[in-house]
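Participant: My questions will all concern the structure given below.
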């Protein structure tokens, strides 16, 4: 699986205050839907990822239900967060 430049940029450094749109797989429309539900920062989505115990199926289902992410978008976002956790946690 190849990763996007956005993915590589995200996992290359600490998360800090990055907006939710910095996550791989999350662009303008999904980012706005997530922000409208309180998930305005990447670290807030990371919190949900951790609450779901880094479980791919549960996280991807949550992302689909929360903002309408398709299979590729949810897979990209999951992979981005998983790799970030491997590097920084």
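Only the coordinates and a few stated rules stand behind these numbers; no lab work does. Bear in mind the structure is a predicted one, so any value in this text is a computation, not a measurement. Every residue, glycine as well, gets a Cβ built from its backbone with ideal geometry; the counts of neighbours run over all protein chains shown.
Participant: Restricting to segment 1-30, what's the tally of residues that are in a helix (DSSP H, G or I), closer than 16 Å to residue 66 by Cα and more than 10 Å from the chain's Cα centre (by Cα)?
Facilitator: 3
Participant: In this structure, is residue 43 closer than 18 Å to residue 14 by Cβ, within 13 Å of the chain's Cα centre (by Cα) and part of a helix (DSSP H, G or I)?
Facilitator: So residue 43 passes the test.
Participant: Now for a different question. Given the criterion closer than 16 Å to residue 27 by Cα and touching a strand residue (DSSP E or B) at 6+ places or on another chain (Cβ under 7 Å), identify the matching residue among 64, 41, 72.
Facilitator: Unique residue meeting the criteria: 41.
Participant: Can you work out which of the residues in segment 46-76 that are without any contact (Cβ under 8 Å) to a residue 12 or more places away in the chain and outside any helix (DSSP H, G or I) is nearest to residue 22 (Cα to Cα)?
Facilitator: The qualifying residue nearest to residue 22 (Cα to Cα) is 70.
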